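The values are calculated or read from the model by the stated rules, or taken from the named source; none is laboratory data. Please read all numbers here as calculations on a predicted model, not as lab measurements. Positions of Cβ are backbone-derived with ideal geometry, glycine not excepted, and every protein chain shown enters the neighbour counts. Ligands, DNA and RNA are stripped out before the accessible areas are found, and what is left, the full protein with its side chains, is counted by its heavy atoms. Shrake-Rupley method; radii C 1.70, N 1.55, O 1.52, S 1.80 Å.
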Amino acid sequence: MNPMPHRHLAGLKAQVSAIGAGCWTIGGPATNRGTPIGWDGVDPDTAFGGLVRAIERGVTLYDTADVYGLGHSERLLGKLLRVAARHDLTISSKVGYFAGTARHAYHPLQMRAQLATTLDNLGTDHLDIYFLHSSDFGPHDRYLPDAVDLMRTWRTEGVIRAVGMRAPHRFAEEWAVTDGPQAAETRRWLHLFDQVRPDVLTARYNLLSPLYADHETDIFRFAHRHGVGVLIKQVLGQGLLLHAETSANQRQYSAGDHRSTDPAFTPDNRRQLHARLAPLRVRYGPSPTAMARLCVQYALHHAPDAAVLVGFRNASQIDTIIASLDHPLQADDITQIRAVLHASPHTY
Ligand SMILES: NC(=O)c1ccc[n+]([C@@H]2O[C@H](COP(=O)([O-])OP(=O)(O)OC[C@H]3O[C@@H](n4cnc5c(N)ncnc54)[C@H](OP(=O)(O)O)[C@@H]3O)[C@@H](O)[C@H]2O)c1
């Protein structure tokens, strides 16, 4: 077993483990204002076992949010911080989806209350990265200037070390000046980026992500040019890319699991994805372990400056993910995977 590799995260100006523990899943099932936002079947003790295994295996990056299990995720991570060396770890959390009784999740009173609760849940006096989780800043972005001011004040005070925001799932900077279908969303995001001037982004990237043309500036090239770090999410397609689901064995998700309403998880989409991934299962092996290796290595290969966040529910899933680091993909593999998956246009 090789030691955990590290990556220099621009923006934070710090080394982090190449694999980060994404702590959304361990929050368990939850709803926020009637919307499913959690994950089914999570046992807190088993999930804590996953966190302990992560630290034993050299994971130094832990990502959570106020809404992950409505505080459960932060509190489980806080339990880990009571027995771990805080200064060796990079901890990120998020604000922006939980409005409580306030008018808006980004109302300054709400943001202050959420940060205090987050620090209390985690049992720490600072966050390494604090993300603006949602892009909804109210009518006419009413809450945006105050939200940005608060984040910068907290960064100056040292309560947070870096400001984060999310990137669009599909992005090429050049789309902003076209009249194509992504133009408005791209312009909107570039405007927010300009206002927030974040240090770190989260971006979705996995086997199904679009391939960009050489003349297009994808989110990784864009971030690099701006000196901004990137944390990659949804590398495993939230489990979709690992499980070989035929029509006969499709999982059902309860009302507290966000996958119950996610269009990517409709029976039809899962059937189509199963067929699309079949050639890779033949070549690399059908097990979740074999697919996890493809997913993790594909993302790490694409973005040598970025760290990959993976969700997990137990120690065994963490082990599988970390074991995949010992088996890099070669350039030929990447070419082959792209040829198999992107022979015809798909969306995800
Ligand atoms: N998705 C977002 O919008 C978002 C935004 C900001 C940050 N993040 C961060 O990114 C982290 C990663 O989450 P994600 O949404 O990107 O999901 P992901 O990592 O693509 O998928 C995680 C899920 O895959 C399944 N899995 C993991 N290891 C497995 C294994 N070895 N064998 C079989 N199944 C396995 C587990 O679900 P099951 O066991 O239920 O199948 C697990 O919860 C989050 O925890 C969060 O910290 C995500």
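Values for this structure:
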read-out: Residues of the stretch 180-210 satisfying the condition of being of a type in the set (S, T, N, Q) and part of a loop (DSSP other than H, G, I, E, B); value: 182, 206, 209
read-out: Residue within the stretch 204-218 that is touching a strand residue (DSSP E or B) at 6+ places or on another chain (Cβ under 7 Å), open to solvent by less than 80 Å² (accessible area, probe 1.4 Å) and free of Cβ contacts under 8 Å to residues at least 40 places away in the same chain present; value: yes
read-out: Close pairs from the stretch 92-121: first of a type outside the set (Val, Ile, Thr), partner open to solvent by 40 Å² or more (accessible area, probe 1.4 Å) and outside any helix (DSSP H, G or I), Cβ under 6 Å, at least 6 apart; value: 105/97; 105/98
read-out: Index of the failed condition, residue 335 passing every other in (1) farther than 30 Å from residue 12 by Cα; (2) part of a loop (DSSP other than H, G, I, E, B); value: (2)
read-out: Selection count, the stretch 276-317, where residues are aliphatic (A, V, I, L, M) and under 21 Å from residue 230 (Cα atoms); value: 11
read-out: Number of positions in the stretch 226-262 that are surrounded by fewer than 22 Cβ atoms within 10 Å (Cβ to Cβ), in a loop (DSSP other than H, G, I, E, B) and more than 11 Å from the ligand (Cβ to nearest atom); value: 9
read-out: From the options 19, 37, residue that is modelled with pLDDT under 95 and within 19 Å of the chain's Cα centre (by Cα); value: 37
read-out: Scan of the stretch 83-116 for residues that are in contact with a helix residue (DSSP H, G or I) (Cβ under 7 Å, 6 or more places away or on another chain) and hydroxyl-bearing (Ser, Thr, Tyr), ordered by number; value: 93, 106
read-out: Within the stretch 1-94, strands (runs of 3 or more DSSP E) holding 1 or more residues that are more than 24 Å from residue 136 (Cα to Cα) and open to solvent by 50 Å² or more (accessible area, probe 1.4 Å); value: 6-9, 14-17
